[in-house]
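See below for the structure under consideration.
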Amino acid sequence: MKALIVDDERNVRNVIRQLGEWERLGITTVLEAANGLEALGIIQAEQPDIIFTDIKMPKMTGMELIEEINKLSYKSKIVLITGYDDYTFMRKAIQLNSFDYLLKPIDDDAFDAVLRKVVEAVKQEAAEDTEQEEILEEAMRLRANQVITSVCSGEEIEEDLPVPLLPDEGMDMTLLSFYRTHRAGTYTAALSEELQTRNIGNAFTYLNEENLCIVFTANDQWVYVEEWISEHISLPIRLVQERLNSLERIHEVFQGLMGDLEQNQCRTIRRPDELESAKRIQEIVSYVETYYMEDISLEKLSKMFFLTREHISRTFKKETGLTLSKYVMKLRIDQAKSWLQETEETIYSISTMLGYQDEKYFSKLFKKVTGMTPFEYRLMEPSKGVTE
């Protein structure tokens with residue numbers, strides 16, 4: 001916070017400087033001017049928050065100074081200092097939106113009270129301005145997200161695409177998929193600010209899926225974005241990207257990138273911490289136990305759960321005591337046993353349902369694990385069981 005003391009008498013300026021508890025009240029800079037004209041130049045250069053000004057001064061009076069300040073539409077709190085306790089003057093001061101006044105000779109307590117009051121008013125106004133700016137920024141951000149979401153979804157929008165929100169020339173379009181239920185909004189706003197500060201792009205939240213962030217960056221600038229993500233976001237993120245050579249292709253490119261995400265044709269940035277990694281391994285085991293009849297591979301699990309294949313392979317065996325392939329095989333063979341003895345499904349049908357397209361391969365695998373063929377197992381009395 002800055003303050004300016006304007007008075008043609010040096011001793012008055014010195015008294016005011018000595019009376020004020022400037023630093024304790026948050027005023028870091030105290031400036032001085034000997035008349036209104038000199039003060040006007042300082043105001044334009046330094047933009048003080050509080051101005052203490054005398055009325056009668058050479059070159060430009062305090063009243064004239066206030067009139068010039070009003071012409072500039074400059075926000076500041078003005079305290080008038082005068083030796084004239086005159087009603088006509090006070091009415092004029094009120095009309096010019098002065099904050100308060102002090103009479104000469106200046107009383108210590110009166111000055112302290114006015115200074116405290118004006119500082120509090122500046123802080124309150126600053127807080128209100130900040131709140132209004134935040135509300136406006138949030139509204140603008142929401143509208144931008146709505147427009148981009150509509151364009152990506154192929155919907156008609158009433159206004160033109162806000163091109164200033166995007167890079168001027170060629171760009172890359174990137175989708176960032178946050179893990180599970182983590183919402184992208186908070187991270188997207190920070191990333192958007194970073195990209196706009198660097199003047200290399202912008203980021204938006206896809207409102208139809210709140211864990212999805214859409215990023216537009218100037219060509220060959222992605223490395224800076226990824227560095228920022230690695231430094232500021234601890235969550236793992238799936239990423240798909242494509243060159244965008246025309247704004248008219250946004251919907252088309254978006255659809256293609258969404259398809260890549262659904263097919264897990266993506267890569268992952270940012271490794272999770274140990275606690276989150278352990279939790280995800282348990283989720284992987286649960287996933288395998290649910291979908292073991294489908295095609296499951298380390299590559300597929302890596303893309304789905306944002307962990308490296310090596311990490312999954314190592315920790316999966318530690319969690320279950322078996323490698324992924326052996327665990328899947330065990331689940332399939334156990335299911336095959338149930339179907340063989342509890343249903344009349346053919347061996348070919350069972351092998352197909354378990355994900356084996358080759359009946360001979362399935363039979364060979366079944367015998368390797370149980371010591372008998374599926375046909376022999378079906379003929380066996382259920383009460384006898386099999387010891388493996």
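The values are calculated or read from the model by the stated rules, or taken from the named source; none is laboratory data. The structure displayed is predicted, hence computed values, not measured ones. Here the Cβ is made from the backbone with ideal geometry for all residues, glycine too, and neighbour counts use every protein chain on show.
If a residue has to be surrounded by fewer than 16 Cβ atoms within 10 Å (Cβ to Cβ) and touching a residue at least 12 places away in the same chain (Cβ under 8 Å) to count, how many in the range 186-209 make the cut?
Number of matching residues: 3.
If you go through the range 92-117, how many residues are exposed (fewer than 11 other Cβ atoms within 10 Å of the Cβ), at pLDDT 80 or above and part of a helix (DSSP H, G or I)?
2
Only one residue in 120, 155, 131 is outside the structural domain of residue 252 (by TED's automatic domain parsing), modelled with pLDDT of 75 or more, more than 16 Å from residue 206 (Cα to Cα) and over 20 Å from the mean Cα position of the chain (by Cα), so which one is that?
Residue meeting the stated conditions: 120.
Report, by residue number, each residue of the range 10-28 that is assigned to a helix (DSSP H, G or I), under 15 Å from residue 49 (Cα atoms) and touching a residue at least 40 places away in the same chain (Cβ under 8 Å).
Answer for the range 10-28, where residues must be assigned to a helix (DSSP H, G or I), under 15 Å from residue 49 (Cα atoms) and touching a residue at least 40 places away in the same chain (Cβ under 8 Å): just 25.
How many of the residues making up the range 119-154 are hydroxyl-bearing (Ser, Thr, Tyr) and crowded, with 17+ Cβ neighbours inside 10 Å?
2
How many residues are under 13 Å from residue 285 (Cβ atoms), touching a residue at least 24 places away in the same chain (Cβ under 8 Å) and assigned to a helix (DSSP H, G or I) if we restrict to the range 305-317?
4
Identify the residue in the range 252-287 that is hydroxyl-bearing (Ser, Thr, Tyr) and modelled with pLDDT of 80 or more and, among all such residues, is surrounded by the most Cβ atoms within 10 Å (Cβ to Cβ).
287
Quick one: which residue in 243, 238, 249 is surrounded by fewer than 18 Cβ atoms within 10 Å (Cβ to Cβ), of a type in the set (D, E, K, R) and in contact (Cβ under 8 Å) with a residue 40 or more places away in the chain?
So the residue among 243, 238, 249 that is surrounded by fewer than 18 Cβ atoms within 10 Å (Cβ to Cβ), of a type in the set (D, E, K, R) and in contact (Cβ under 8 Å) with a residue 40 or more places away in the chain is 243.
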